[in-house]
Every structure is written in C-alpha cells, then in structure tokens.
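The values are calculated or read from the model by the stated rules, or taken from the named source; none is laboratory data. Since the model is a prediction, treat every value here as computed from it, not as a measurement. Here the Cβ positions follow ideal geometry from the backbone for every residue, glycine too, while neighbour counts run over all protein chains shown. These accessible areas exclude ligands, DNA and RNA; they are computed on the full protein's heavy atoms, side chains included. Shrake-Rupley method; radii C 1.70, N 1.55, O 1.52, S 1.80 Å.
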Amino acid sequence: EHLLVVDKPHFLTMSPTGQYVQETLLVRLKQQTGNEHLTPIHRLDRETAGVVLISKCVQSRGVYQQMFATRQVKKTYHTIAAYRDDLSFPLITKLKMEKGQPFYTMQVVEGEPNSETEIQLLQHDQQWGKYELKPHTGKQHQLRVHL
C-alpha cells in the first residue's frame, strides 16, 4: 500500500536530470503504474544495480525518508573488484571525500573523514575478489572510491 520495491538495473538513472529525462527509473515507473506520486525513498548511482524503495503515497513518504536519513536502514552491497592479498578483512575505510574536477567525480582530500564503509572479503581467486560492502554514510560514488 505504501511502498513499491524495484530491482534497478545497471546504467539506468533514478530521476530525471541533465541528459537523462525520459529514460529514468522514475519516469518508467510512473508510466507503468499511472501513479504520479511515486518518489524514491533513497537513491542508487546510475552505474549501480540493486533494490530501490519507492514511496507510493505522499502521506507516509516522510517517515520512510527519515529512516534512511537517520541511518535506521542498513544497506549491503556485493561487488567484484581486484583481489589484494596485502589487506586483511574486515576492513573499515574512512575517507574525506569532496567533489572533484570534472564536477561529476569525487576526490579524496586531507581532513576529518566524512565517509565510512565496512568491507568484507567473501571469496577470491588470485585476480578477483567478491566483496560485501556496508556503507555507514552515503556519499556520492562512495563505494567506488573506497574500493
């Protein structure tokens, strides 16, 4: 009654921005459901696939958004990345991240960390590892930067 749960594919933008207006998750869902009140409760970057919660009604939207804002909801991601035998897991990565140049990139700078991710190695061969990522913060491109 209150939520729509959607499996977002890789490379689909969540909401209309810039060059992506019609080909977005939100526009597609509004067209499919006929519900103009649909609003994402949280976001996933364009490159990231995963489960997205969509609010179906204005009355309860704020409650769910607040749960994400106060970190009552925990997110877990799995990814494949280069394996490094010089690291021991679990690993907590804390970095200070800021917008870079060009504007859509992020950079690591000196200072008080503003991003944190717990990283666990699930399995590996000599080249690749499968990792479980549990972000404690939600900076743009955080997981890619932390990896």
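Data table
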quantity	calculated
Matching residues, the range 56-90, being more than 19 Å from the chain's Cα centre (by Cα) and in a strand (DSSP E or B)	Ala82
Those residues of the range 1-15 which are closer than 12 Å to Val51 by Cα and open to solvent by 60 Å² or more (accessible area, probe 1.4 Å), in sequence order	Val5, Asp7, Pro9, His10
Residue in the range 4-15 that is of a type in the set (Lys, Arg) and in contact (Cβ under 8 Å) with a residue 40 or more places away in the chain present	yes
Qualifying residue in the range 34-53 (condition: under 20 Å from Leu133 (Cβ atoms) and among the acidic types (Asp, Glu))	yes
All positions within the range 50-76 that are of a type in the set (Ser, Thr, Tyr) and buried (at least 16 other Cβ atoms within 10 Å of the Cβ)	Ser55, Tyr64
Within the range 77-114, considering residues that are touching a Leu at 6+ places or on another chain (Cβ under 7 Å) and of a type in the set (Val, Ile, Thr), the one nearest to Gln142 (Cα to Cα)	Val108
Check on Tyr131, under 17 Å from the mean Cα position of the chain (by Cα), surrounded by 15 or more Cβ atoms within 10 Å (Cβ to Cβ), in a strand (DSSP E or B) and hydroxyl-bearing (Ser, Thr, Tyr)	yes
Residue count for the range 35-49, restricted to those that are open to solvent by less than 30 Å² (accessible area, probe 1.4 Å), at pLDDT 90 or above, in a loop (DSSP other than H, G, I, E, B) and not β-branched (Val, Ile, Thr)	1
Subset of the range 94-128 that is among the charged types (D, E, K, R) and part of a strand (DSSP E or B) - its residue that is modelled with the lowest pLDDT	Lys99
Residue pairs meeting the criteria (Cβ under 7 Å; at least 6 apart or on separate chains; first open to solvent by 90 Å² or more (accessible area, probe 1.4 Å), in the range 89-108; second assigned to a strand (DSSP E or B) and among the aliphatic types (A, V, I, L, M))	Lys99/Met106
Some residue of the range 97-104 being closer than 24 Å to Leu3 by Cβ and among the small types (Gly, Ala, Ser)	no
